[in-house]
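**Q** Okay, here's the structure, questions in a sec.
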Amino acid sequence: GAVVSQHPSRVICKSGTSVKIECRSLDFQATTMFWYRQFPKQSLMLMATSNEGSKATYEQGVEKDKFLINHASLTLSTLTVTSAHPEDSSFYICSAKVTGEVYGYTFGSGTRLTVV
Amino acid sequence: KQEVTQIPAALSVPEGENLVLNCSFTDSAIYNLQWFRQDPGKGLTSLLLIQSSQREQTSGRLNASLDKSSGRSTLYIAASQPGDSATYLCAADNYGQNFVFGPGTRLSVLP
């Protein structure tokens with residue numbers, strides 16, 4: 001149980017275009033989802049926290065107009081990287097908080113974004 | 001602000017050896033601490049979660065301990081196998097406010 005499905009797993013896009021990454025909770029309702037970014041050989045850094053039906057909370061230094069987060073339903077959160085640039089190339093991973101269980105947090109499988 | 005560190009940054013051991021990975025956190029007011037495994041280019045696999053009221057958790061060859069007062073957690077891997085090779089991350093949950101990851105320990109188990 002408590003599975004989060006993240007798509008796509010890999011995406012290559014041209015500089016200046018936008019890319020959408022989806023994260024779905026398959027067998028539970030995720031009122032809170034988190035988006036992380038991981039640069040090569042570095043740990044995961046929290047970008048933003050999204051709550052269903054409300055605006056996302058962004059961490060310091062993360063541009064909210066560049067990284068658009070939508071959490072319109074209890075099973076879907078999306079991250080859109082707008083006007084992507086090569087420096088946005090990274091591994092993006094979502095996570096959902098699983099309440100009512102001991103499990104804690106469950107993570108998606110990640111999306112490798114390459115901007116060329 | 002919670003900070004999480006991990007020692008060592010990298011570790012290479014022969015197959016069969018027992019090993020310990022260390023995790024330290026600066027703010028002891030955590031809700032739980034979780035250990036994850038990450039294979040290259042992949043997402044995270046949760047290994048063990050220790051709630052703040054617990055001192056340790058075990059799963060198979062893995063044992064994780066938590067000492068909140070000293071801000072430390074250890075992950076013990078018994079009888080290591082080449083398949084254990086991966087990056088191991090610990091993360092502290094600050095009462096759902098944020099989830100802070102350590103930089104990870106890259107483990108290589110040599111056959």
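**Q** For chains B and A, what's the summed buried accessible area, probe 1.4 Å, to the nearest 100 square angstrom? Numbers along the way, then the final one.
**A** On the way: alone 5870 and 6520 Å², together 10960 Å².
Separately minus together, B and A give about 1400 Å² buried.
**Q** Just the isolated ones, please: cysteines in the protein assembly as shown lacking another cysteine beta carbon under 4.7 angstrom.
**A** A:Cys13
**Q** Please report the equivalent ellipsoid semi-axes of chain A, computed as sqrt(5 x eigenvalue) of the Cα gyration tensor, largest first, in whole Å.
**A** Numbers: eigenvalues 107, 41, 33 Å².
Semi-axes, largest first: 23, 14, 13 Å.
**Q** Loop-only check: which GluC sites (Glu not before Pro) in segment A:1-104 are DSSP coil with at most 12 other Cβ within 10 angstrom? Intermediate values should be presented prior to the final figure.
**A** Working: sites: A:Glu22, A:Glu52, A:Glu59, A:Glu63, A:Glu87, A:Glu101; in loops: A:Glu52, A:Glu59, A:Glu63, A:Glu101.
Sparse-neighbourhood loop GluC sites (Glu not before Pro): A:Glu63, A:Glu101.
**Q** Another question, if that's okay. Convert 10 °C to kelvin, take the viscosity as 1.306 mPa s, use the Kirkwood radius over C-alpha pairs of chain B as Rh, and evaluate the Stokes-Einstein diffusion coefficient in µm²/s, rounded to a whole number.
**A** The Stokes-Einstein estimate is 114 µm²/s.
**Q** Could you sort B:Leu62, A:Leu26, B:Leu75 by accessible area so the largest value comes first, with the probe set to 1.4 Å? Don't jump to the answer; show the numbers that get you there.
**A** Details: B:Leu62 30, A:Leu26 110, B:Leu75 0 Å².
Sorted descending by solvent-accessible area, the residues read A:Leu26, B:Leu62, B:Leu75.
**Q** Based on the inverse mean of 1/r over its pairs of different Cα atoms, what is the Kirkwood hydrodynamic radius of the protein assembly as shown, in Å?
**A** Values: mean 1/r = 0.0554 Å⁻¹.
So the Kirkwood estimate lands at 18.1 Å.
**Q** Okay, moving on. At a 1.4 Å probe radius, which order do B:Asp84, A:Asp27 fall into by accessible area, largest first? Can you show the working numbers first?
**A** Numbers: B:Asp84 15, A:Asp27 85 Å².
From most accessible down to least: A:Asp27, B:Asp84.
The values are calculated or read from the model by the stated rules, or taken from the named source; none is laboratory data. Quick caveat: nothing in here was measured; it's all calculated off a predicted structure. Neighbour counts run over all protein chains shown; Cβ positions are idealised from the backbone, glycine included. What goes into the accessible areas is simple: the full protein's heavy atoms, side chains included, and nothing from ligands, DNA or RNA. Shrake-Rupley method; radii C 1.70, N 1.55, O 1.52, S 1.80 Å.
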